[in-house]
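To keep things clear, I will list the structure first and then write my remarks on it.
Please treat every number below as a calculation from the coordinates, not as lab data. Just so you know, these numbers come straight off a predicted model, no measurement behind them. As a convention, Cβ positions derive from the backbone with ideal geometry for all residues, glycine included, and neighbour counts pool all protein chains shown.
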Protein chains: 2
Amino acid sequence: MYSYKDLQELVNKQINNENFVKEPRQLYEPIKYILSLGGKRIRPVFVLMACNLFSDDIDKAINAALALEIFHNFTLLHDDIMDNSSLRRNKPTVHTKWNSNVAILSGDAMSIIAYQFITKTNSNNFFEVLDVFNTTALQVCEGQQYDMNFEDKKPVSEANYLKMIELKTAVLIAASLKIGALIGGASHKDAQFLYLFGINLGLAFQIQDDFLDVYGDTKVFGKKIGNDIITNKKTYLLIKAVELAKSADYKELYNQFFTKNCPSEKKIKSVISIYNRLGIKKIAQNKIVEYFNLAFTYLDKVSVNSERKQELSSFIKTTLINRVK
Amino acid sequence: MYSYKDLQELVNKQINNENFVKEPRQLYEPIKYILSLGGKRIRPVFVLMACNLFSDDIDKAINAALALEIFHNFTLLHDDIMDNSSLRRNKPTVHTKWNSNVAILSGDAMSIIAYQFITKTNSNNFFEVLDVFNTTALQVCEGQQYDMNFEDKKPVSEANYLKMIELKTAVLIAASLKIGALIGGASHKDAQFLYLFGINLGLAFQIQDDFLDVYGDTKVFGKKIGNDIITNKKTYLLIKAVELAKSADYKELYNQFFTKNCPSEKKIKSVISIYNRLGIKKIAQNKIVEYFNLAFTYLDKVSVNSERKQELSSFIKTTLINRVK
């Protein structure tokens, strides 16, 4: 069995070996740039790990793995324009380094290149793989639209928030696992269990992201605390706080989030103290653990012996559950 | 054999019957909007006509036909943002009617929906169809990039201009014909002849567009004369004029196109009089006829009897060659 680290290295090697830069260079250079910014490569590694559950030959899943990573980076490129983000992994975003037109067109090219990679998948259930890819790709756009809809000043319900992060984040993680499983020769049932494992994992990951923005250890994660608060992002923490807050706290939250021009440091302090008063830390931790446990009930159902699942589950335990304690 | 008009109606009916508007509506409404603006539906009709050359059953090509039309409209949506165009077919462009973020994301969704339609193509040479689609889609992005590169102030060579319009316009027309032919059961040789027919036709169409902007009959085409001149667009006419102009004319052209702030009406008049002095009208007409004739040498080679080619060739004669006389 391959470890997460092995597979991450394999993915990075494949990305480095691909000749993404052709003519016209203005179109292709941003593609090489964003793909070289790194990241955890969760989606392509999950494709390969899911394949590896059912098969020792993971080479047959490498093109699909790259397709998922390229598609994910395409969405980052366009999301960064829409969200007006100037930094991605501490480097300038493509529309900042070049301009918006470059980011639009290079993103378009990346989505097509993702399709070229998925098309190279040599598998007798290719149509099923392609269907999962198509459906998921469209859902990710829907998720981004819901996220943009949240930018107006109205509060958002927990159900709508969970639906948004399921579409924007969880389905692509779930699809990575399902596609890898299908290429590895899994039964439909097992592929679907891995999909549901991925959905719940994706939800846990996203709520963890929200959690770490407030309760993360800056020394460990290298990110400043409170960025989501400054940018008025609708997070799981905020949504629960708005739901639970009464009178003075509600008014204060509403003023901080739904009116503008609050000074940053004061705002972070004020919001976090409301979260603390309302016990939001524990509520978020419980929700992450709930999704984490639910995810594992699906992994348990996958009909391969638990030794083969070892790498996948230990990676998740390390990156997920240990970080929110 | 189906006529152009029959097939255009069929395409419009299919587009109207598709339920493009789902939730979230903000994502899907612009898709319905741009697809309902109409147009000649050249690409989907060419898919069906090319299929019809080899088969009486054109239903099997309808999903591919829609895929090509949806993909084409996706590129229009994003091109309009990049080119800062406020009107498309005399209606507000999507980024004008909504905003740029909507146009980016709805465009992304359209490109995926195009893939969903091409995936529904039930054909034993599906992989070949998908390969043609992938390759062409990426080439269209390359063409748009070259076109954007032309926006700076340097003059452009004829060869580079022709390469740009081949990528931006001709390959998608060629791919429509090739994909239709493949689905209809054409041999590789015939499919490739139709591809080359399409390339030369696409080049002729684009140069015709350039030509009609200056020498078109406003009463017939409903478009104002000289829009390309006002917007400093690099056209075949301009490129030939820059190539042929000497001393005073060259200086005048250079000043008009490569410096800014020239009053519109004066500029149009001045540029057209240079075109007239240099005989650009005849040069452009000859080039259109040259590509038109070259296109037909490839159609002639396609091994079906000439009766079956009748609809395709008469449509092209009407829309192309008769308009530039």
One decimal, nm, shortest first: give the distances between the label point of B:GLU252 and those of the same position in the other copies, each label point 7 Å from Cα along Cα→Cβ.
7.5
As I understand it, the value is the acute angle between the Cα axis of helix B:25-35 and the longest principal axis of the Cα atoms of chain B; what does it come to in degrees, rounded to 10?
70 degrees
Per DSSP H run of at least 4 residues, take -39500 (n - 2.57); add these up for chain A, divide by its residues and hand me the 222 nm value, nearest 500 deg cm²/dmol.
-23500 deg cm²/dmol
What number results when the radius of gyration of region B:259-321, computed over Cα atoms, is divided by 2.2 N^0.38 Å?
1.75
If labels are modelled 7 Å from Cα along the Cβ direction, B:SER100 lies from its partners in the other copies at nm distances, smallest first, of 0.1
Taking springs between alpha-carbon atoms closer than 10 angstrom, which of A:ASN124, A:ASN200, A:ASN90 fluctuates most in the Gaussian network model of chain A?
A:ASN90
Which lysines have a Cα less than 17 Å from the Cα of B:LYS251, not counting those fewer than 8 places away in the same chain?
B:LYS153, B:LYS154, B:LYS234, B:LYS240, B:LYS260, B:LYS266, B:LYS267, B:LYS269
Relative contact order (%) - chain A, alpha-carbon pairs under 8 angstrom, separation at least six
19 percent
Under 5 Å, built H, 5+ apart or other chain: amide partners of B:ARG88:
B:THR93
Based on alpha-carbon centroids, what's the gap between region B:33-59 and region A:38-63 in Å, whole number please?
40 Å
Nm distances between copies for A:HIS188, ranked from closest, using label points 7 Å along Cα→Cβ:
3.5
What is the list of residues in region A:1-24 whose amide nitrogen lies under 14 Å from a point 7 angstrom out from the Cα of A:SER314, following Cα to Cβ?
A:1-7
Cross-link partners of A:LYS40 among lysines (Cα-Cα below 16 Å; sequence separation of 8 or more within a chain):
A:LYS5, A:LYS13, A:LYS91, A:LYS223, A:LYS317
So which of A:LYS178/B:LYS168; A:LYS120/B:LYS168; A:LYS233/A:LYS282 end up more than 31 Å apart, counting from Cα to Cα?
A:LYS178/B:LYS168
Relative to the longest principal Cα axis of chain B, at what angle does helix B:126-149 sit, 0 to 90 degrees, rounded to 10?
20 degrees
If one computes the Cα centroid of region A:98-167 and of region B:106-157, what distance in Å separates the two points?
18 Å
In degrees, nearest 10, the alpha-carbon axis of helix A:100-119 is tilted away from the dominant principal axis of the alpha carbons of chain A by 40 degrees
What is the ratio of the Cα radius of gyration of region A:4-324 to 2.2 N^0.38 Å, where N is its residue count, to two decimals?
1.02
